[in-house]
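Input: a single structure, listed below in structure tokens.
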Amino acid sequence: MEKFDVHIKPKRSLLEIDLRAVWRYRDLLRMFVFRDFVTYYKQTILGPLWFFIQPIFTAAINLFVFGSLAGLGPAGAPAFLFYLSGPILWQYFQDTFTKTSATFVENQAIFGKVYFPRLIMPLTTLISGLLKFAVQLSLLFIAIGYYYITTGELSIRWEIIFFPLILLIIMVTSMGFGLLVSALTTKYRDLKFLIDFGIPLLKYVTPGIATSMALFKDNLPSSLQPFATYNPIGYLIDMFNYMFVGVGHFSWASIAITGGFALVVLFFGVVIFNQTEKNFMDTV
């Protein structure tokens, strides 16, 4: 039987997602990840040092504003470690979400010239951000080690063995939300501006950033309580803080709920993204 390079097929069904094509283009994915990681701070004076400078300055500002001025610092734990840990995980979620949501808009030039599975670009954002997160996580381990040497107290809890599960849920949630929004931004460009300034503001009503989940709910006005109670990222950050700093709460129920929510969001995100990519060039 004669083999052909091009196969003409009918339109894909709603649930037809060609993951094998993504695997065939894994070398392209690797190239994009390397490009993003290497060129992000290209032509800067400090270069990769910004990976460390950003979380340190963020922790210092949060310590001054929330810890010193507002008096919301965590009890029974080193405040600087607390304000270093939560924002690291939030920043990974924020970067992945916002960059993935702009997939079609920011890559329309290359999408219109050459074919490759469009899921390659969101996966590139997910993985390259993970590399940055790993570098900043090493900074957190260094700070924890310094705290242990100077005080003799280890802030890490044994539940840290479940950290990969927390990270996986964050990855799935951020990518799922990003894929959902990316499909909408092809028609409604205003949504991109809303995401760019709205998501950074959302962190201030997310438990685990300013203070622990319990203290956060006690000090939050009743009108804003739903932002804390029904915010899955808040529970994940709270558990992350507990694993590394000892402030927060670890709950299998929270993992089950946030994990199930993440899978639902990813499913709908991939399906809608898959359908949008077929004709987005007509509307973008």
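What follows is calculated from the coordinates using simple rules that are stated; it is not laboratory data. Just so we're clear, the structure is a prediction, and the values are computed from it rather than from any experiment. All Cβ positions, even for glycine, are placed from backbone atoms using ideal geometry, and neighbour counts span all protein chains on display.
With helices as the sole contributors, the chain gives -21000 deg cm²/dmol at 222 nm; each DSSP H run of n ≥ 4 counts as -39500 (n - 2.57), and the sum is divided by every residue.
Where in segment 248-277 are there chymotrypsin sites (Phe, Trp or Tyr not before Pro) that are in a DSSP coil and have at most 16 other Cβ atoms within 10 angstrom of their Cβ? Sparse-neighbourhood loop chymotrypsin sites (Phe, Trp or Tyr not before Pro): none present.
Longer than 27 Å from Cα to Cα, which of K132/K217; K99/K203; K132/K187; K99/K217; K99/K187 are they? Say none if no pair is. Distance filter (> 27 Å) returns K132/K217; K132/K187; K99/K217. Using the Cβ-Cβ distance between I156 and A134 with R0 set to 30 Å, the FRET efficiency from 1/(1 + (r/R0)^6) comes to roughly 0.95. Put the Cα centre of segment 203-279 next to the Cα centre of segment 117-151 and the gap is 19 Å.
If only the Cβ of Lys and Arg carry +1 and only the Cβ of Asp and Glu carry -1, the dipole of segment 19-282 around its Cα centre is close to 780 debye.
Considering only K113, K187, K132, the mean-square fluctuation computed in a Gaussian network model of the chain, springs between alpha carbons under 10 angstrom, is largest for K113. Under 5 Å between amide hydrogens, built in the peptide plane, is the criterion, and for H249 it picks out M239, Y242 among residues at least 5 positions away or on other chains.
For segment 208-238, which chymotrypsin sites (Phe, Trp or Tyr not before Pro) are both in a DSSP coil and crowded by at most 13 other Cβ atoms within 10 Å? When the chymotrypsin sites (Phe, Trp or Tyr not before Pro) of segment 208-238 are filtered for loop state and at most 13 Cβ neighbours within 10 Å, Y230 remain. The listed peptides 241-247, 89-95, 188-194, ordered by packing as a protection proxy, come out as 241-247, 89-95, 188-194 (highest mean of other Cβ atoms within 10 Å first).
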